[in-house]
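The values are calculated or read from the model by the stated rules, or taken from the named source; none is laboratory data. Treat the numbers as computed from the prediction; the structure is a model and nothing was measured. Cβ sites come from the backbone with ideal geometry, for glycine too, and all protein chains shown count toward neighbours. In case anyone asks, the SASA skips ligands and DNA or RNA and just uses the protein heavy atoms, side chains included. Shrake-Rupley method; radii C 1.70, N 1.55, O 1.52, S 1.80 Å.
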Amino acid sequence: FFLKLRRPIAIPPRIHPSIHISIHPSIHPSLGSVCDLSVPLFVLFCFIFIFHAAHNYRTFSYREHPKNNEMATEDETTRAVPYHLMPLCAVFGMYAFLASIRAVYQIQASYRFDPKTATTAERVSPPTPVASKRFLYLILSIFGSIVSYGYMVAQVNNAIADNFVFDPYEILELDVGSDAEDARKRYRLLSKTHHPDKGGDDETFHRINLAYRALSDEVSRENWEKYGHPDGRQHETISLAMPDWLLNPSGGTAVVLVLLYMGMFVGLIVYVIQYGKRLEAKQKLDSDSLEANVNGKEDVKYLQEHLKDDSSHYEILYYIASTPENMKFAEGSLDKNLEAIRKKKEAMEEQRKNKGDDFGLDDGGWAEDDDEEDEATKAKAALLKKEEDDRKMAARQLAAATGKPIPEDPLSVKIESMDEGVLGQKWVEESLTKGGMWPPKGDLAKMIQTNSTYLIDKYAKPPKIVTLNDSSRVQLIRKNDVSELKKMYAAATAPSNIKDPLDIPSVRRNMLTLTGRLHSTYLNTQPILLEAGAKGLIDKNYFTQTMQFRQRNTMLLDACLRMALHTKRFNLAKTIVETLTMFKVGTDSATHQTNKDWFKDIMHKQYGPDGFPTIKVVEKRVETEGQNEIATGDTCALFLHMERTHAQRFTEAKLAQCKKQGQDPRMAMQLYQECWWTMMRANKIGDNEETFLAAWPFLVRSIAQKEGKIKVQFKAPEKPGKYKLLIDIKSQDFIGADQTLEVDFEVLPLEDVERKEKKEEEGQEEEEENDEDDDDDDDDDEDHDEEDEESKKEK
């Protein structure tokens, strides 16, 4: 088996540089057969058994039992019991039992596994196929362990039987030489006492029965005299029954067997614990890649349950926007808006009171000395302003010392529902409605209605009471105002009458933000938004929260893409890349030709005719490093040399932008990032089935980078034949820039490649031998020439 490993099996490359996956041998299929210790342990035990059989050949030879009237020598009546085989029997028997359970489980799991309906956790570690070498090795090891167990048990039983001398006279308590009639009488007498129906022991009665047969039956007596037992020779070749000496050991062997049993029991417990950990790790393997960017286990579980291979772009966007953490974020954003409204109202009320105190009338009517009062009022206002400036200066100094931001003045916060001309969520909704984009249309509206029951049951809550703050509620409790408390409790626990999920504030917020992002070009070109931005009439809280929503969803999409690539779900991965491009660019489709033409026009206007982002593949090849052919099971590699034809145009435009804005061009160029995914599928010629092999990102970290080389490793197909490698290069930043390449390669059977290499080595050896023979012939010719010259001189 180990000689079959002509080339080392390497761990597949990481799917993304920021993902570090620890692959357990029992999880990753390409490492399982190498790291499985069952085969090498079985080979080791076979060597031990062969050595023992060769060493004790004479001891295992059979002999004839001495006759009853002959005195047996010590060598004839004793035979060394191979006690060292007893622990080996226990090991082989336990291994055969556990391995059989494992084989049955693998068969059951293999036949139940369906890639189309399998969950993400099942795709991470699919069961071992029945038609695989690993399963074949398991079956062979089980068969070998059963045969070894049966053979060694038979040898121990034979040795024990040889040491046991069957004496019918002693069993029946008769004198040596008694006849058959005496045996019959004694048999009847003992049967009355030891018969199982009379309360006797089965084993004792069986021995009495054998002793009676040995003295009364001619055939049985002949067998006893010849072989020492009425049933004939008691030697076995293979015995699969559980022997008594394994269940009830005695002597020094008992200590070894008990320790062995305890070790096996402890090992079994450890294996069960490790299996549970591996199962948990297998179920969370793709979860870890998600949690690397998103701190929400609920989101991970939610996306695993809903994302399927045939999920559409809008289905993915809906599930991303409606994750539990995203909904909590929306609820928190709405609460922050309400809190901002409350603070601004309180600040406005306090300001109104201060103005009333400053300009109110006293009880004495108009004062006679108006000039003096005006001066006093001015002095008081100046003092209040100085105190306010000192307070702001102290706040700035405290913020600089502690690193905390300066608290924002509630009156300076622009809120759409309180300040005239401020644009926020209401304006976005009205603008999308005028453009016919709100309420959601098409697949997104279908997804909302399909999941309406779930959304209403989970997120439909009564509006939060904001008229009473925490201190007011505490006062109600202290006053024991039962009526007000009951009203608050009834409002908080009232059943929801919402029928449309979009009437739920958090659902409406996320779906509106998502729709606005997909139509961002339409919103950003509205004149009223440009004017409001120039005047500062923007609801800062709302637009800040939309930016946070965009960042969270981009991270979720990226994490879902890694999960799909790791579980080798090509259709889902391809759709997620397109969805990610839609969300980044801000368009409602990444595949419609209209959207592709629109994006192409934008690129041409901004970067010129040659500025459309394109990857040109200069060189592509598939090979097994260090080998001339590709054999089944090889770790192959795809080599790509790619050029960015748009690098110069992008660099010139960036330099011009930095010069116009007064920025450092070096910093701007280094902050640029561009990602192209390389996905590989293998299609056997003449077969319609495709296999997703691997994926790798081509990351561009500088806008001036003109070319790059990537090397993607993958495992060669198990079936030999001619294949067509489909290479999909997809951008997650640009629309209409994807392309598909093809590379033809052939996979040869591993056995044929080994035979060919062996023949080449033999041919090289023959050539070396022929070269040596030629050298010897040349030496002989030189010797003959020297002899001829000497003979001529002598003549």
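Just one residue in the set VAL585, VAL577 is within 25 Å of the chain's Cα centre (by Cα) and touching a residue at least 12 places away in the same chain (Cβ under 8 Å); that residue is VAL577.
Scanning the range 185-210 for residues that are crowded, with 16+ Cβ neighbours inside 10 Å and of a type in the set (Gly, Ala, Ser), we see that the one that is nearest to LEU174 (Cα to Cα) is SER191. Looking across the range 601-635, the residues that are open to solvent by 20 Å² or more (accessible area, probe 1.4 Å), in a helix (DSSP H, G or I) and not β-branched (Val, Ile, Thr) come down to ASP601, HIS604, LYS605, GLN606, TYR607. Every listed requirement among (1) out of contact with any Gly (no Cβ under 8 Å at 6 or more places or on another chain); (2) part of a loop (DSSP other than H, G, I, E, B) is met by LYS192 save one, (2). Looking across the range 509-525, just one residue is hydrophobic (A, V, I, L, M, F, W, C) and more than 40 Å from the chain's Cα centre (by Cα), and that is LEU523.
A count restricted to the range 592-625 and to residues that are among the hydroxyl-bearing types (Ser, Thr, Tyr) and in contact (Cβ under 8 Å) with a residue 60 or more places away in the chain stands at 2. Given the structure, is CYS658 among the hydrophobic types (A, V, I, L, M, F, W, C), at pLDDT below 90 and either within 24 Å of LYS584 (Cα to Cα) or surrounded by 13 or more Cβ atoms within 10 Å (Cβ to Cβ) (or both)? Answer is yes for this residue. Could you tell me whether the range 164-178 includes any residue that is at pLDDT 85 or above and open to solvent by less than 20 Å² (accessible area, probe 1.4 Å)? No, the conditions are met nowhere in the range 164-178. On the stretch given as the range 407-451, residues that are in a helix (DSSP H, G or I) and of a type in the set (Asp, Glu) total 3.
Flag: ARG649 does not match the condition of being out of contact with any His (no Cβ under 6 Å at 6 or more places or on another chain), outside any helix (DSSP H, G or I), among the charged types (D, E, K, R) and surrounded by 11 or more Cβ atoms within 10 Å (Cβ to Cβ). Applying the selection to the range 683-739, what residues are of a type in the set (Phe, Trp, Tyr) and more than 25 Å from the chain's Cα centre (by Cα)? If the condition is that a residue be of a type in the set (Phe, Trp, Tyr) and more than 25 Å from the chain's Cα centre (by Cα), then TYR723, PHE734 are the ones that fit. Of the residues making up the range 548-564, those that are open to solvent by 10 Å² or more (accessible area, probe 1.4 Å) and either among the small types (Gly, Ala, Ser) or out of contact with any Lys or Arg (no Cβ under 9 Å at 6 or more places or on another chain) (or both) are GLN548, GLN551, ARG552, MET555, ASP558, ARG562.
Taken over the range 526-547, the criterion of being over 17 Å from SER417 (Cα atoms), open to solvent by 70 Å² or more (accessible area, probe 1.4 Å) and within 44 Å of the chain's Cα centre (by Cα) is satisfied by MET547 alone. Is at least one residue of the range 561-574 assigned to a helix (DSSP H, G or I) and charged (D, E, K, R)? Taking every residue of the range 561-574 in turn, at least one turns out to be assigned to a helix (DSSP H, G or I) and charged (D, E, K, R).
Scanning the range 496-518 for residues that are surrounded by fewer than 19 Cβ atoms within 10 Å (Cβ to Cβ) and outside any helix (DSSP H, G or I) turns up SER496, ASN497, ILE498, LYS499, ASP500.
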